[in-house]
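Take a look at the structure set out below.
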Amino acid sequence: MSNGVRAQQREQTRQTLLRESRRLFATLGYGSVHLSEIVRAAGVTKGALYHHFDSKAELFRAVLTQVQQEVAARVAATADAREDAWEQLSEGCQAFLTATTDPSVQRVMLVDGPAVLGWRSWRELTEATSGRHLAQALAALIEEGTIPPQPVAPLTHLLSGAMNEAALWLADAEDPTALEDTRRALTRVLSALRTP
């Protein structure tokens, strides 16, 4: 068997492990999933799992990274579809809120992510994806004068924290208008940032 075929099989095994562990983590939660369930679902041995990931926590980190990158890509694609910098911020924030209403995203990214990795590691991953896009958008709006001059980092963290909390609240909201109400509230919060 050639090295190219082996490399392709290894990558296929890795992707299968990620897919199946993501499904299990999203539906059952990190604490309820055992490695034996993951390897059974993926149709591989524990040895194959340990060839790719040193631990369950490392496997979860890879899943979380994948989820965060997908959410960030959705946000960026939505924002980039707009030409106006303010609309990019507004639509990007709304896209983040919508993406995080997916229960599997909530469970992996917002509930288990900080609990499994610890707050500091979780924040680093968040800042490298959606947080980076948000900071860039805010910096551009400050530079063009749409938002008054101010430090970008605290503003980024305030908005990110508010949107994460809103997503967690929406997860338990029974009111069918909760998402639309939250979208309107987010629009008002963002509008208050603009230079008068």
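Descriptive notes on the structure:
- Per residue, the chain exposes 54 Å² of solvent-accessible protein surface, assessed with a 1.4 angstrom probe and all protein chains in place.
- Look at where the Cα atoms of the stretch 118-196 and of the stretch 30-96 average out, and the two centres are 20 Å apart.
- Computed from the Cβ-Cβ distance with R0 of 30 Å, the FRET efficiency linking THR187 to GLN66 stands at 0.50.
- The Cα-based radius of gyration of the chain, divided by its Kirkwood radius, gives an Rg/Rh of 1.05.
- Helical segments meeting 24 Å axial Cα length and Kyte-Doolittle -0.5 threshold in the chain (DSSP H): 56-80, 152-172
- In range of the label at SER104: residues from the stretch 43-81 whose backbone nitrogen is under 18 Å from the point 7 Å along Cα→Cβ: 43, 59-75
- Most mobile listed residue (THR65, THR98, THR45) in the chain, GNM with C-alpha springs under 10 Å: THR45
- Highest mobility in the GNM of the chain, judged by mean-square fluctuation with C-alpha springs under 10 Å and restricted to LEU59, LEU35, LEU168, is found for LEU35.
- Protein accessible area in the stretch 99-196, 1.4 Å probe - carbon and sulfur %: 58
- Within the chain, longest stretch free of exposed GluC sites (Glu not before Pro) [DSSP loop, at most 16 other beta carbons within 10 Å]: 1-82
- Note that the stretch 44-53 has calculated 3J(HN,Hα) couplings of 10, 8, 4, x, 5, 4, 5, 5, 9, 9 Hz, one per residue in order, obtained from phi through the Karplus relation 6.51 cos²θ - 1.76 cosθ + 1.60 (θ = phi - 60°); glycine and proline are x.
The values are calculated or read from the model by the stated rules, or taken from the named source; none is laboratory data. Here the structure is a predicted model, which means the values were calculated and not measured. Neighbour counts run over all protein chains shown; Cβ positions are idealised from the backbone, glycine included. Keep in mind that these areas ignore ligands, DNA and RNA; they rest on the heavy atoms of the full protein, side chains included. Shrake-Rupley method; radii C 1.70, N 1.55, O 1.52, S 1.80 Å.
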